[in-house]
Amino acid sequence: MPMDLISAEFDQCIKCGLCLANCPVSHELFLEKYTPRGKIQLARAYGRGEAAITDHFRDIFSTCVLCGACSVTCPSGVDLTKVFTHMRREITEKKGISPSMKPAVESLMIHHNISREDNEERGDWREDMKDLPDHRYEKPTAKVVYFVGCVASFFPMAQTIPQNMVRILSAANVDFTILGGEEWCCGFPLMGAGAGDRMDKFVRHNVEKVRSLKAESIVFSCPSCYRMWREHYPDDIKLFHSTQFIEQLINENTLSFNELPWSVTYHDPCDLGRNGGEYDAPRKILNAIPGLELVEMENIRAKSVCCGGGGNLEMTDPALSSKLAHGKIAEIRETGAKTVVTACQQCVRTIKGRVRREKMDLEVMDISTVVARALLNV
Amino acid sequence: MFSQAAADAMRAVLDDAWYLDQPEDIATYSYDGFLPEFTPDAILVPENAEQIARIMKIANKDKINIIPRGAGTNICGSSVAREGGVIMAFHRMNKILEIDRESMCAVVQPGVVNGDLQKKVAQYDLMYPPDPASMFVSTIGGNVSLNAGGPRGVKYGVTRDYLLGLKVVLPSGEIIKTGGKTLKNVSGYDLTRLLCGSEGTLGIFTEITLRLVPLPSAKTTLQAAYGDLDDAATTVTAIMAAGMVPTTLELMDRTVLDVISDYGGAQFNSDAEALLLIEVDGDEDLVNKQGERIEALCREKGAIAVERAHTPEEADKLWQARRTAFGAVASVRPNCIVEDATVPVKKLPDIIRKVVELTRKYDLQIAVLAHAGDGNLHPLIMTDLRDQEEMGRVDQMLEELCEAAIQMGGTLSGEHGIGIAKARFMNMEFSETSLDLMRGIKRVFDPNNILNPGSFL
């Protein structure tokens, strides 16, 4: 990819360093090369032919959660994550896929999901649902497609998300279907691995399937799938994140909630909040539940700190990813809330994984779980 | 000069891992917030004063330049290897060692981020007042080196006013202590204050003792628009004359307001030539009373519109213009240079008019922000570094502006520092005798000229 596509971005950098303030990676690793400013200057050096793509150079660009906290802080309006994503692609083109990402990318190309399993198992989360209807949520046509996402499909820790989403949609009498084994990865991990050029077949397949169902809109419980569709898919289908769809159902008085006397805090997922512009829908949902108290963290909305699950970091540097999760949990605990709610399967998986390892007394749940509980007592 | 033997010796002091010389490290420690870049030979990340002392002994013997660097946010080029050498970074010395509530002070390592200290001391109902715009990134070591100021300076003063003591490694490798935990201290020469603002040329700070003050419980925020710049300036002096010292007295000129509007921010009164943002802090009764009096004063002095915030949300809204200002101005052209000439408060309208005059004369785009309460001007020069012809005009404008500021009884730099940015103007402000004194001081501390050479002296 030509570097002049991003040179306007790094030429705009005034090296003020304000992007360091909210970068979770910089807070852990300190050294300038790992900071957003450092990476921008390395990209600039590379663009001028003053830096070579070494293994270390590649690792530096992998050491980022692509959370976008730097981009929103930059007073010069530099789109830093655009540069970082572009650099990952440039590195992959010149040096090949990073060894730590290779198995995932190869699996994606073969199995069309991130978990190296047969894609037909994508709907297995339905197996232990006692209330499963005969159509198993796979209908020949429907107004709405519920796009489940890889993480919620394959990781047991997140499978309650689709289970509860289908319950909510059913309770609201939404005419919806899932794609089952025909849902393919949205392509997000490929972008993160600098292999965005291999995404086309995923886009074509998913679009074709959705169109064949005559669907008007798609609901995503994964903010990253939602983002990929918004940024890289055709725009003739209405796209909703689950929180936006549920908020709409609440506004239409389709859902009525039982009291839930909980004290919770809310974690803004990067791809829903900062990179998706949606901060209010999840908060409106939580505030619509009687008895539920929302205690905010110190850094919320655009300043929300990544849980460590972004940018493929858990594959390229799992130890660092864990450290970020640890930091996130510390901020969550400062609120005193016993439950952290988020609206992203990857955040749930990352935070819950760390909570279990550290044997902490903290409930981690997706907002669909809270809504299902208030709606149906499940 | 930087021999393999010296490199190996330094590497040994730092257990290998914290001696960095990969190309990616060299490239990313070649800059700070100022424009020119210089390639260092290596980067050292020590953990304590003893390691620094050992490194200084090696450096002093072999005459290897050492350039201390905090977060590299300074905008005068005071933390780059202008004459080669190694960068010393303090990322690992980032601990708050003590908060002494009774003596109202804190002892910190140089790598502590200003904002982290602020947050920590607030838990004790205390405040560390210096608040440079870089406070969420910049380190206390860097703040002391540059004697950093900030918007709160008008009421609370600058870093120097909160610096009580230092532990310092000298270029010889000897370790000294200056000052202490006492507010009053007249023993001997005031080495603490001499080191404050020395821009890394005299010694390396390894422990910093800072004075803290009680955290004010309330504040009141106002915004006033003026059709005439002089009226805004008169208001500033009138507020002070009435016995009130606001924490914030920020002035934005018409160009800033236009840029903010174009940027999609607030719209302002079309007759406004200047906007003042005023904030007072203290206990609730006091700030409410002061808020009323200031509002009346603004109107009396000719403000065409005054808004006073009654809730934190309203205050936040009033701050919005000031917060957006730099980003909005910086995005107009590829680069934005922040100037820092400072004049006595009553000369503020004169220097702003001078900026306007020079903007026309040199056909440039300049917006003016000012900490109006202390005469600290921040002309924001919107430019393009790649345009050499235009940069030539920027240089001429800067020179004339600095001359004007000094003629008005002001200084080259209020809070950003001299570094390599304004070294060439030092003889405007200082006589050869004064400069010789400074060079003499430098020689006493650093006879081999190894600490940040090529900076302002």
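Have a look at A:Lys359, A:Lys338, A:Lys328, A:Lys323 and point out the one that is touching a strand residue (DSSP E or B) at 6+ places or on another chain (Cβ under 9 Å) and farther than 27 Å from A:Phe240 by Cβ. Outline the logic, then answer.
Values: A:Lys359 fails: touching a strand residue (DSSP E or B) at 6+ places or on another chain (Cβ under 9 Å); A:Lys328 fails: farther than 27 Å from A:Phe240 by Cβ; A:Lys323 fails: touching a strand residue (DSSP E or B) at 6+ places or on another chain (Cβ under 9 Å).
None of the other options fit; the residue is A:Lys338.
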Strands (runs of 3 or more DSSP E) (entirely within the range B:193-286) containing at least 1 residues that are in contact with a Cys (Cβ under 9 Å, 6 or more places away or on another chain) and either under 15 Å from B:Ala372 (Cβ atoms) or modelled with pLDDT of 95 or more (or both): B:204-211, B:218-226, B:274-282
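Take A:Pro99 and tell me if it is part of a loop (DSSP other than H, G, I, E, B) and either closer than 19 Å to A:Met191 by Cβ or more than 14 Å from chain B (Cβ to nearest Cβ) (or both).
Details: part of a loop (DSSP other than H, G, I, E, B): yes; either closer than 19 Å to A:Met191 by Cβ or more than 14 Å from chain B (Cβ to nearest Cβ) (or both): yes.
Taking the combined requirement at face value, the residue satisfies it.
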Hey, B:Lys177 basic (Lys, Arg), touching a Gly at 6+ places or on another chain (Cβ under 8 Å) and part of a strand (DSSP E or B) or not: yes
Failed condition for B:Leu117, given (1) assigned by TED's automatic domain parsing to the domain that holds B:Val169; (2) assigned to a strand (DSSP E or B): (2)
So A:Thr73, is it more than 14 Å from every other protein chain (Cβ to nearest Cβ) and either in contact with a Phe, Trp or Tyr (Cβ under 6 Å, 6 or more places away or on another chain) or under 30 Å from B:Thr383 (Cα atoms) (or both): no
Subset of the range A:315-366 [over 22 Å from A:Ala69 (Cβ atoms) and of a type in the set (A, V, I, L, M)]: A:Ala337, A:Val355, A:Met360, A:Leu362, A:Met365
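Somewhere in the range A:243-265, is a residue surrounded by 16 or more Cβ atoms within 10 Å (Cβ to Cβ) and touching an Asp or Glu at 6+ places or on another chain (Cβ under 6 Å)?
Taking the range A:243-265 and keeping what is surrounded by 16 or more Cβ atoms within 10 Å (Cβ to Cβ), we get A:243-247, A:249-250, A:255, A:257, A:260, A:262, A:264-265.
Keeping just the survivors that are touching an Asp or Glu at 6+ places or on another chain (Cβ under 6 Å) gives none.
Looking for residues that are surrounded by 16 or more Cβ atoms within 10 Å (Cβ to Cβ) and touching an Asp or Glu at 6+ places or on another chain (Cβ under 6 Å), one finds none in the range A:243-265, hence no.
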Residue in the range B:241-250 that is surrounded by 23 or more Cβ atoms within 10 Å (Cβ to Cβ), out of contact with any His (no Cβ under 8 Å at 6 or more places or on another chain) and either hydrophobic (A, V, I, L, M, F, W, C) or assigned by TED's automatic domain parsing to the domain that holds B:Gln109 (or both) present: no
Total residues in the range A:321-357, condition without any contact (Cβ under 8 Å) to a residue 12 or more places away in the chain and of a type in the set (A, V, I, L, M): 1
Candidate set from the range B:46-74 (those that are in contact with a strand residue (DSSP E or B) (Cβ under 6 Å, 6 or more places away or on another chain) and within 14 Å of another protein chain (Cβ to nearest Cβ)); member that is surrounded by the fewest Cβ atoms within 10 Å (Cβ to Cβ): B:Arg69
Filter result for B:Met56 (under 21 Å from B:Ser455 (Cα atoms), hydrophobic (A, V, I, L, M, F, W, C) and assigned to a helix (DSSP H, G or I)): yes
Candidates B:Arg333, B:Arg353, B:Arg322 - the one that is within 14 Å of chain A (Cβ to nearest Cβ), touching a residue at least 12 places away in the same chain (Cβ under 8 Å), farther than 25 Å from B:Ala148 by Cα and out of contact with any helix residue (DSSP H, G or I) (no Cβ under 6 Å at 6 or more places or on another chain): B:Arg333
Residue tally, condition away from chain A (no Cβ under 14 Å) and either of a type in the set (A, V, I, L, M, F, W, C) or in contact with a Gly (Cβ under 9 Å, 6 or more places away or on another chain) (or both), over the range B:1-45: 10
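Do we have any residue at all in the range B:153-173 that's touching a strand residue (DSSP E or B) at 6+ places or on another chain (Cβ under 7 Å), in a loop (DSSP other than H, G, I, E, B), at pLDDT below 95 and not charged (D, E, K, R)?
Just the residues of the range B:153-173 that are touching a strand residue (DSSP E or B) at 6+ places or on another chain (Cβ under 7 Å), to begin with: B:153-154, B:162-171.
When the remaining residues are screened for being in a loop (DSSP other than H, G, I, E, B), the result is B:170-171.
Narrowing the set further to residues that are at pLDDT below 95 leaves none.
No: zero hits.
Here are some residues: A:Leu18, A:Leu29, A:Leu42. Which one is within 14 Å of another protein chain (Cβ to nearest Cβ), in contact with a helix residue (DSSP H, G or I) (Cβ under 7 Å, 6 or more places away or on another chain) and modelled with pLDDT of 95 or more?
Numbers: A:Leu18 fails: modelled with pLDDT of 95 or more; A:Leu29 fails: in contact with a helix residue (DSSP H, G or I) (Cβ under 7 Å, 6 or more places away or on another chain).
The conditions single out A:Leu42.
Is it the case that B:Leu191 is under 25 Å from B:Val158 (Cβ atoms), surrounded by fewer than 19 Cβ atoms within 10 Å (Cβ to Cβ) and without any contact (Cβ under 8 Å) to a residue 40 or more places away in the chain? Give the steps one after another, and end with the answer.
Details: under 25 Å from B:Val158 (Cβ atoms): yes; surrounded by fewer than 19 Cβ atoms within 10 Å (Cβ to Cβ): yes; without any contact (Cβ under 8 Å) to a residue 40 or more places away in the chain: yes.
Judged against the criteria, B:Leu191 is a match.
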Residue in the range A:45-59 that is nearest to B:Arg333 (Cα to Cα), counting only those that are in a helix (DSSP H, G or I) and at the interface with another protein chain (Cβ under 9 Å from one of its Cβ atoms): A:Ala45
Flag for B:Arg360 being closer than 30 Å to B:Gly417 by Cα, free of Cβ contacts under 8 Å to residues at least 12 places away in the same chain, of a type in the set (D, E, K, R) and away from chain A (no Cβ under 14 Å): yes
Long-range neighbours under 6 Å by Cβ, at least six apart or interchain, first residue assigned by TED's automatic domain parsing to the domain that holds A:Ile161 within the range A:119-147, second surrounded by fewer than 13 Cβ atoms within 10 Å (Cβ to Cβ): A:Thr141/A:Lys214; A:Ala142/A:Asp175; A:Lys143/A:Asp175
Residue selected from the range A:72-98 under the condition at pLDDT 95 or above and hydroxyl-bearing (Ser, Thr, Tyr), by the criterion surrounded by the fewest Cβ atoms within 10 Å (Cβ to Cβ): A:Thr85
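One line per residue, one yes/no per condition, for (1) under 20 Å from the mean Cα position of the chain (by Cα); (2) among the charged types (D, E, K, R):
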| residue | (1), (2) |
| --- | --- |
| B:Gly77 | yes, no |
| B:Ile96 | no, no |
| B:Glu102 | no, yes |
| B:Ala106 | no, no |
| B:Pro110 | yes, no |
| B:Lys119 | yes, yes |
| B:Pro129 | yes, no |
Residue list for the range B:5-31, filter: touching a strand residue (DSSP E or B) at 6+ places or on another chain (Cβ under 8 Å), closer than 19 Å to A:Asp59 by Cβ and of a type outside the set (Phe, Trp, Tyr): B:Leu20, B:Asp21, B:Asp25, B:Ile26
Residue among B:Asp395, B:Asp384, B:Asp350 that alone is under 21 Å from B:Val259 (Cα atoms) and surrounded by fewer than 21 Cβ atoms within 10 Å (Cβ to Cβ): B:Asp384
Residue in the range B:400-413 that is of a type in the set (Gly, Ala, Ser), surrounded by 19 or more Cβ atoms within 10 Å (Cβ to Cβ) and under 26 Å from B:Val169 (Cβ atoms) present: no
Unmet requirement for A:Phe240, which otherwise passes all of (1) in the same structural domain as A:Val305 (by TED's automatic domain parsing); (2) within 19 Å of the chain's Cα centre (by Cα); (3) not small (Gly, Ala, Ser): (1)
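The values are calculated or read from the model by the stated rules, or taken from the named source; none is laboratory data. If you're wondering where the values come from, they're calculated on a predicted model, not measured in any experiment. Because the Cβ atoms are built from the backbone with ideal geometry, glycine has one as well, and the counts that use them run over all protein chains shown.
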